[in-house]
Amino acid sequence: MRSSAPRIVLALLLGAAPARASAGWTFCVAAAPGGRDVWITDVFAASRDRERLEVDLKGYLKTQGVAGAVAQCPLPKDDKTEAVNAQFTAAEFNRKLGHMLHEVAAPEFEPRR
């Protein structure tokens, strides 16, 4: 019985350890100050964390003459269909609010190397 205690503790620790982040599917939305214009990306495989994606989208929009945009990217989903459905819902929501929706191809806001 005593020899199994370290194995149980090890198993509990491994189970509690944060899982390594895997790439999932996401999209991003950004709104200009005033909120009339909204940009939404296509769904893409997220290779960077959300915060970096948001900064990169804001930077891309700034190069397009849109300063001060607020960008948000949902947590990546393992299932691409879920991400596509969420993106569709976000687009429809913004259309219903009367926002001018602009599509952005995700590679357009990838940082240049």
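Derivation of every value follows stated rules applied to the coordinates shown; laboratory data play no part. These numbers were taken from a predicted model, which means no experiment stands behind them. Please note: Cβ atoms are built from the backbone with ideal geometry, for glycine as well, and neighbour counts cover all protein chains shown.
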In nm, spacing of pseudo-spin labels at Asp49 and Phe88 (7 Å Cα→C-beta vector): 3.2 nm
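What does the net charge come to around Asn94 if you take all other residues with beta carbon closer than 11 Å to its beta carbon, with K and R at +1 and D and E at -1?
With Lys, Arg at +1 and Asp, Glu at -1, the net is +1.
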